[in-house]
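Visitor: A single structure is presented below for examination.
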Amino acid sequence: MANIQEVFERKETKYVISRQQYEELLKRLGNNIEPDVYPTNTNCSVYYDTAEFQLVSRSIEKPLFKQKLRVRSYNVPTLEDGIYVELKKKYKGVGNKRRVAVKLKDYYDYLRTGELETDNPIIKAEIDYCFEYYKLQPALYIAYDRKSYCATKNPGFRLTFDFDIRSRVDDLRLEAGDHGKLFFDNGEVVMEAKNLGAFPAWFVEALSKMKIYPTSFSKYGYVYQQRFNDIVNKTKEENVR
C-alpha cells in the first residue's frame, strides 16, 4: 500500500439532504464537478472508544477540540487486504486526519503485540499513545455507500454523498460484512463539502437557491445517540412490564 496520502487537513461541512435534493443539486452543479478518482465505494469503519464511550460523549458536547480513532476499509476486506488505521482530530472546525495503511491481518497482530511495520513511525506513535491512554476497544461498526466528486477546475474541493448509513454493535470486524441497522427512515443523504479554503461561489449559490443549510452531523455521534436511546427505551418498556 505504497504512495498513499497519510495526512489530511481541511474544512469539512456537512449537510443532510433528501434523495430528491441530491438529484436536483447534481443538475445545478452541472459541469462544475466531475467524478473523483475513486467515484464509488462502500466505506466500512470500526470506531474505538473507552468502555464508558468517553470519546464520543465528549464529541457530542461540541468542544473546540475533539478526536476519534477508527479502522477503515473501502469495501469489505479480507485478512489479506489493506485497511487504514486513522486518528481524526478537529480544532475550531478544521479537521486533521492522520493514518497508516496496513494489511488487516497485520492490524490484528498489532492489537495483540503492539508491533506494526510502517513507513511513518510518528503517526504510529500517536496511534499507540491513543490506544494506551484511553484503553480503547471496538465500540461501533458503521458503513455507508459513498459517491465522490471533485471540482472540475479545483480538485482540492471535494463533495461526497453518503447513502444508506447503517451500523451494528456486535461482530465488530471489518471482514464480517457491511450489514447493519439503517440510521435514516426516509433514505436521507449526508453530503460533505471538503476544502481547506473558501467554497466556490457556484456551490454556495446552488445551496442558497435550494435552501440547503449546513448541520452538525457526526456519524459516530448520532448513531451512538440513536443506539443509546434505543437501549433506554427498551429498558423503560421492560420496567413497565
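Visitor: Tally up the residues in the range 127-178 that are closer than 30 Å to residue 199 by Cα and among the aromatic types (Phe, Trp, Tyr), please.
Guide: 5
Visitor: For the range 28-39, does any single residue satisfy the condition of being more than 18 Å from the chain's Cα centre (by Cα), without any contact (Cβ under 8 Å) to a residue 12 or more places away in the chain and part of a helix (DSSP H, G or I)?
Guide: Looking for residues that are more than 18 Å from the chain's Cα centre (by Cα), without any contact (Cβ under 8 Å) to a residue 12 or more places away in the chain and part of a helix (DSSP H, G or I), one finds at least one in the range 28-39, hence yes.
Visitor: Determine whether the range 157-170 contains at least one residue that is out of contact with any strand residue (DSSP E or B) (no Cβ under 9 Å at 6 or more places or on another chain) and without any contact (Cβ under 8 Å) to a residue 12 or more places away in the chain.
Guide: Checking the range 157-170: not a single residue is out of contact with any strand residue (DSSP E or B) (no Cβ under 9 Å at 6 or more places or on another chain) and without any contact (Cβ under 8 Å) to a residue 12 or more places away in the chain.
Visitor: Pick from the range 8-55 the residues that are more than 17 Å from residue 203 (Cα to Cα) and acidic (Asp, Glu): which of them is surrounded by the most Cβ atoms within 10 Å (Cβ to Cβ)?
Guide: 49
Visitor: While we're on this one: So which pairs qualify, if the first residue must be in the range 71-96 and loosely packed, with under 14 Cβ neighbours inside 10 Å and modelled with pLDDT under 95, the second must be of a type in the set (Asp, Glu) and in a strand (DSSP E or B), the Cβ gap must be under 8 Å, and the two must be at least 6 apart or on different chains?
Guide: So the pair list comes out as 94/9.
Visitor: Here is a list: 182, 196, 207. Which entry is out of contact with any helix residue (DSSP H, G or I) (no Cβ under 6 Å at 6 or more places or on another chain) and surrounded by 15 or more Cβ atoms within 10 Å (Cβ to Cβ)?
Guide: Only one candidate passes the filter, namely 207.
Visitor: Being modelled with pLDDT of 95 or more, out of contact with any Phe, Trp or Tyr (no Cβ under 7 Å at 6 or more places or on another chain) and among the charged types (D, E, K, R) is the filter here, so list the residues in the range 1-44 that pass it.
Guide: Correct list: 19, 23, 24, 27, 28.
Visitor: Considering only residues that are closer than 23 Å to residue 78 by Cα and not charged (D, E, K, R), which ones fall in the range 93-126?
Guide: Within the range 93-126, 100, 101, 102, 104, 107, 108, 110, 111, 113, 114, 116, 118 qualify.
Visitor: Take the residues in the range 78-109 that are in contact with an Asp or Glu (Cβ under 9 Å, 6 or more places away or on another chain) and part of a helix (DSSP H, G or I), then tell me which one is nearest to residue 192 (Cα to Cα).
Guide: Once the filter is applied, the top-ranked residue is 104.
The values are calculated or read from the model by the stated rules, or taken from the named source; none is laboratory data. Fair warning: this is a prediction, and the values are worked out from it, not measured in the lab. Heads up, the Cβs are rebuilt from the backbone with ideal geometry, glycines too, and the neighbour counts pull from every protein chain shown.
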